[in-house]
1. Note down all Cβ pairs under 6 Å where the first residue falls in the stretch 3-29 and is on the phi < 0 side of the Ramachandran plot, the second is modelled with pLDDT under 90, and they're at least six residues apart or on different chains.
2. Tell me yes or no: at least one residue of the stretch 20-37 is exposed (fewer than 14 other Cβ atoms within 10 Å of the Cβ) and among the β-branched types (V, I, T).
3. For the stretch 60-76, indicate whether the set of residues that are modelled with pLDDT of 90 or more, closer than 30 Å to V11 by Cβ, of a type outside the set (F, W, Y) and out of contact with any Phe, Trp or Tyr (no Cβ under 6 Å at 6 or more places or on another chain) is non-empty.
4. I need the full set of residues from the stretch 89-138 which are of a type in the set (K, R) and over 19 Å from D17 (Cβ atoms), in order please.
5. Consider the stretch 99-136. How many of its residues are in a loop (DSSP other than H, G, I, E, B) and in contact with a Lys or Arg (Cβ under 8 Å, 6 or more places away or on another chain)?
6. Among the residues of the stretch 19-42, how many are modelled with pLDDT of 95 or more, of a type in the set (V, I, T) and over 19 Å from Y134 (Cβ atoms)?
7. Taking the stretch 93-123 as the search range and keeping residues that are modelled with pLDDT of 85 or more and surrounded by fewer than 11 Cβ atoms within 10 Å (Cβ to Cβ), which one is nearest to F57 (Cα to Cα)?
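The values are calculated or read from the model by the stated rules, or taken from the named source; none is laboratory data. Just so it is clear, the structure is predicted and the values come from calculations on it, not from any experiment. All Cβ positions, glycine included, derive from the backbone under ideal geometry; neighbour counts span all protein chains shown.
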Amino acid sequence: MLVEDWISRNVGTVTEDVSMIKAGRIMREKKIRRLPVVDAAGTVVGIITNTDIFRLFVSITGIDQDGIQIGLRLPTKPVLDALRGHEARIISILSSYDRVQPGQREVSIRIQGLPETRERELRAALEAHHQVLYWTRD
């Protein structure tokens, strides 16, 4: 028996600039456990696995910090004001202290899609007052 008789075909690939969350969604939709990562030339440079997605989940949810999960209703903050001012509906907010300097945190906010004009205005408003690490539209 040859490997070619057993390999999965047409599993798809992602490029290095695709978000891990989108890669995880592709893996779930295609019901695959591994997803090749290619560079601009189409050369395989790595692979994303279920374990990588799970590690990301553990990191961004803070489960590995042995903390207590608390749900709160908080007063409005400037970031939330900017989102509300552009009629953005929050789906989720996650934060992480991994790979940042002491006293900082990375926050990931997922909002429902917006018309392009409102999205551009919201992005400009956030960039005027905050360091935007990434902005992806799925």
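1. Matching pairs, first to second residue: S19/T136; K22/D138.
2. Within the stretch 20-37, not a single residue is exposed (fewer than 14 other Cβ atoms within 10 Å of the Cβ) and among the β-branched types (V, I, T).
3. No, every residue in the stretch 60-76 fails to be modelled with pLDDT of 90 or more, closer than 30 Å to V11 by Cβ, of a type outside the set (F, W, Y) and out of contact with any Phe, Trp or Tyr (no Cβ under 6 Å at 6 or more places or on another chain).
4. R89, R105, R118, R120
5. The qualifying residues number 5.
6. Number satisfying all stated conditions: 1.
7. The residue in question is Q112.
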